[in-house]
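Single-structure report; data block below.
A short reminder: the numbers here are calculations on the coordinates, not readings from a lab. Quantities reported herein were computed from a predicted structural model and do not represent experimental measurements. Please note: Cβ atoms are built from the backbone with ideal geometry, for glycine as well, and neighbour counts cover all protein chains shown.
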Amino acid sequence: MNPLQDVFISYGRADSKHFAQKLNDHLVELGYTVWFDGDDIPFGVDYQKQIDDGIEKADNFIFVIAPHSTNSKYCRLEIELALKRKKRIFPLLHVEKISQETWQQRHPDGTDEQWTEYQAAGLHSCHTNMHPEIGKINWVWCQEGINDFEQSLQQLVDLLELEKDYVHQHTVLLNQALEWERNQQQTRYLLTGEERQRAEKWLAVRFGDKQAPVWPTDLHYEYITESIKNATNLMTQVFLAHAEEDDAITEKVRRSLMRSGITTWSYRADIECGDNFEKAIARGIEQADNVLFLMSSHSLKSAYCQQELNLALQLNKRLILMLAEQVDDAKIPVLLRQRQYIDLTDNVTEADYLQDEDDLLRVMMHDATYHNEHKVLLTKALKWERQRRNPCILLQGYELQHALAW
């Protein structure tokens with residue numbers, strides 16, 4: 001639909017049409033590409049789809065604050081999509097409130113009683129029905145007759161230039177991820193080669209004490225980690241062993257791992273239609289660095305979970321335990337009782353969970369290279385064994401020396 005753009009301008013026509021046009025013209029003159037609905041919606045197309053596409057393909061979302069825009073359901077939909085896609089948002093205050101005179105010009109037959117009702121509903125002000133997330137962001141003040149437009153424009157331009165490349169890459173990867181998602185997550189839409197490597201580096205960028213200009217969405221994380229998994233022949237760093245009843249907490253843990261660029265295997269995401277269930281699970285365990293077992297009354301009773309545990313122990317996989325639910329110690333298998341575990345049951349606040357998340361990531365990073373090599377060599381050894389110990393599959397040269405050093 002639309003090409004990638006630097007800026008999307010969201011505004012309410014009644015208060016800000018001419019101002020938004022002026023802002024668009026100045027930004028274009030400065031060399032920015034701008035999505036502006038006065039220019040960018042062709043005739044005969046789905047209006048809302050064009051707007052949504054424009055937001056998704058813009059690096060920055062400018063929201064022109066005025067009573068009409070803060071009270072408009074259409075502008076709110078635009079804000080919600082910008083927030084969902086984690087766009088960088090810059091609010092510009094244009095009109096704080098309108099007078100009765102302005103209202104009367106727009107409603108020639110309006111009465112004083114109707115104006116009073118209009119005020120009571122907060123429709124005359126930009127503050128009453130302001131989207132709470134817009135209220136949290138520092139605004140650029142650009143009120144006509146009060147603030148100097150050129151100064152406000154320069155302030156906005158300075159903000160647009162901050163971490164410009166990082167923000168643009170957010171947009172590029174988001175649109176690639178959306179294309180992958182909208183095409184049933186087909187492998188051919190995943191990142192490969194240098195493109196995947198650049199995405200991995202982008203995901204690993206940290207801003208230290210500074211606030212990140214934008215945050216990746218969960219779709220970013222999933223798309224990049226699935227691309228990594230695809231590049232490593234579907235091998236992963238973590239196999240998630242859990243009961244179906246613990247899906248919610250397992251998904252939360254999976255997303256925590258994904259946000260750190262860690263690849264995972266789960267039966268819901270990784271077993272294709274028509275696959276042999278038990279063979280797929282065995283393959284998932286064999287091709288994972290670690291097996292993460294979420295202990296609960298359900299998983300301890302699950303025959304599938306017990307099979308997964310037995311295979312993980314048989315293959316000498318690193319087994320990481322997380323307690324998802326309080327259970328009687330007597331019901332925990334003897335082999336697991338003496339092992340340390342991360343206890344999720346004492347979490348009261350989100351900060352408690354984040355501490356457990358840190359503990360999990362610390363365990364994951366410890367000797368990660370060793371466990372990855374364990375997985376790679378085990379996969380090769382199993383292939384050799386399953387092909388009747390075919391000598392053509394044996395290690396030679398550098399591979400053999402590397403394995404001996406390991």
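Could you work out how much longer the chain between Ala351 and Leu77 gets when fully extended? Use 0.36 nm per residue separation minus the Cα distance between them, nm to one decimal.
On the way: separation 274, 0.36 × 274 = 98.64 nm, distance 3.07 nm.
Contour length minus Cα-Cα distance gives 95.6 nm.
Cβ crowding within 10 Å, taken as a proxy for footprinting-reagent exposure, orders His131, His170 from fewest neighbours to most as His131, His170. A simple spin-label model places the labels of Ala212 and Glu245 3.5 nm from each other, with each point 7 Å out along Cα-to-Cβ. The range 11-40 and the range 150-188 have Cα centres separated by 19 Å.
Reducing the range 131-145 and the range 285-314 to their Cα centroids gives an inter-centroid distance of 51 Å.
Modelled this way, with points 7 Å down the Cα-to-C-beta line, the labels at Leu400 and Glu385 are 2.2 nm from one another.
Put in line by how crowded their Cβ is, counting other Cβ atoms within 10 Å and starting with the fewest, His220, His94, His402 read His402, His220, His94.
Ranked from highest to lowest mean number of other Cβ atoms within 10 Å per residue, what is the order of the peptides 350-358, 316-324?
Most protected by this proxy first, the peptides run 316-324, 350-358.
Separation of the range 338-402 and the range 91-115, taken as the distance between their Cα centroids, equals 65 angstrom. Grab the beta carbon distance between Val157 and Arg13, set R0 = 30 Å, and tell me the FRET efficiency rounded to 0.05. Rounded to the nearest 0.05, the efficiency is 0.75. In this structure, the residue pairs whose Cα-Cα separation is over 25 Å, taken from Lys301/Lys383; Lys17/Lys210; Lys57/Lys252; Lys252/Lys380; Lys49/Lys97; Lys87/Lys201, are Lys301/Lys383; Lys17/Lys210; Lys57/Lys252; Lys252/Lys380; Lys49/Lys97.
Work out how much length Lys97 to Ala121 would gain on full extension: take 0.36 nm times their residue separation and subtract the Cα-Cα distance, in nm to one decimal.
That works out to 7.3 nm of additional length.
The order of Met235, Met365, going from fewest to most other C-beta atoms within 10 Å of their C-beta, is Met365, Met235. For His298, the shell of other residues with beta-carbons less than 12 Å away shows a net charge of -3, using +1 for Lys and Arg and -1 for Asp and Glu. With the charge dipole of the range 5-161 set up from +1 on Lys and Arg Cβ and -1 on Asp and Glu Cβ about the Cα centre, the Cα lying farthest toward the positive end among the listed residues Pro108, Asn24, Met130 is that of Met130. Orientation-averaged projection of the range 233-366 equals 8.2 nm² [convex hull of Cα atoms, one quarter of hull surface area].
Globularity index of the range 318-359 is 1.25 (Cα radius of gyration / 2.2 N^0.38 Å, N = number of residues). The fraction of Cα-Cα pairs per 20 angstrom bin, counted from 0 for the chain, comes to 22, 42, 27, 9, 1 percent, rounded to whole percents.
Extending 7 Å from Cα along the Cβ direction at Tyr32 and again at Tyr47 yields two label points whose distance is 2.5 nm.
Residues whose amide H lies under 5 Å from that of Asp59, counting only those 5 or more places away or on a different chain, are Gln5, Asp6, Val7; hydrogens are built 1.01 Å from N in the peptide plane.
Along the axis of the charge dipole computed for the chain (Cβ charges of +1 for Lys and Arg, -1 for Asp and Glu, origin at the Cα centre), the listed residues Ile51, Ala381, Leu360 are led at the positive end by Ala381. What aspartates and glutamates sit close enough to Lys279 to cross-link, taking a C-alpha to C-alpha distance under 19 Å and skipping anything fewer than 8 places away on the same chain? Here the aspartates and glutamates satisfying the reach criterion relative to Lys279 are Glu244, Asp270, Asp289, Glu308, Glu385.
Sorted by packing (mean other beta-carbon atoms within 10 Å per residue), highest first, where do 223-230, 104-111 land?
My ranking of the peptides, most packed first, is 223-230, 104-111.
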